Structures are given as C-alpha cells and as structure tokens.
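The values are calculated or read from the model by the stated rules, or taken from the named source; none is laboratory data. The structure displayed is predicted, hence computed values, not measured ones. FYI the Cβ positions are ideal-geometry reconstructions off the backbone, even for glycines, and counts take in every protein chain you see. Just the protein is used for accessible areas: all its heavy atoms, side chains included, with ligands, DNA and RNA removed. Shrake-Rupley method; radii C 1.70, N 1.55, O 1.52, S 1.80 Å.
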Amino acid sequence: GVSELGSRDGVIEGLKLLSTDQIVGKVYAEWWIKQVAVPSDDGLADHAELLLNVDARRFVGDIEIPILILAPTKSRMAPLNRQDSQRELQEGVNVSKLVRVDGADHEIYVDRAEECQKALLEFLSTLR
C-alpha cells in the first residue's frame with residue numbers, strides 16, 4: 001500500500017499504474033510527483049481508501065451546478081465497459097455534458113490537452 005511505499009514512491013507507482021510515465025516528459029513527470037507527493041503517507045493512503053470505498057452516487061441528484069464530464073475512453077481505471085457510471089452521472093445532474101476523449105489512458109488532460117480545453121470552452125460558452 002501507499003503507507004508502506006511512502007508518499008513519493010507511492011505516487012511514482014501510481015504514475016506507472018496510470019501509464020502517465022509513458023506519455024509525459026521527464027520534467028512534467030517530476031513536477032507532477034512533487035505536487036502529488038506533498039501529503040503525508042497517511043494522507044495518500046486515506047485518499048486511496050476513500051476512492052475505493054465511498055460510493056457518492058446517492059448525492060448526484062443534489063448537484064445544482066452544471067458539470068462537464070470528460071471521460072477517457074481507454075482508461076484502465078474507468079474502462080469503457082464500466083463507463084455506465086459516467087452516463088448515470090450525466091443523467092442524474094440537471095445540466096451536464098458527457099464528452100468521451102480518446103486518449104492514451106486515464107490522464108487525458110496530459111496527452112489530449114487541446115481536446116479537453118476545447119470541450120471545456122465549448123461547455124462554458126453554453127452557460128451564458
């Protein structure tokens with residue numbers, strides 16, 4: 001677990017799990033590691049446990065602001081065959097838009113930054 005690895009090593013393992021280390025340059029990867037490794041080992045372990053154990057779907061109907069869901073199509077964390085949850089989120093929020101982004105893996109904002117930015121700007125333009 002993260003606690004055994006320590007913050008920095010845990011973050012590096014996460015980077016490998018997401019394949020981010022394969023699609024970003026060394027400078028960006030080092031910056032990302034420094035940013036994410038800021039919390040304590042226990043903080044990262046608690047966050048990982050939260051992500052694994054908390055089901056927030058019951059709160060979706062309470063969302064009152066427009067949301068944009070950028071869904072990576074090749075994510076190992078949220079594979080297409082499990083993306084029904086993204087569709088459920090979209091259907092559960094009054095004003096929402098689901099955009100599927102065909103990136104290398106989960107972190108689409110890294111290798112498909114322009115596509116993500118374009119989707120965000122288009123979404124924001126509909127809110128005026």
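Brief remarks follow.
- Within region 85-128, tally of residues that are touching a Gly at 6+ places or on another chain (Cβ under 6 Å) and open to solvent by less than 80 Å² (accessible area, probe 1.4 Å): 2
- Sole residue being open to solvent by less than 50 Å² (accessible area, probe 1.4 Å), over 23 Å from residue 25 (Cα atoms) and not in a helix (DSSP H, G or I), chosen from 65, 69: 69
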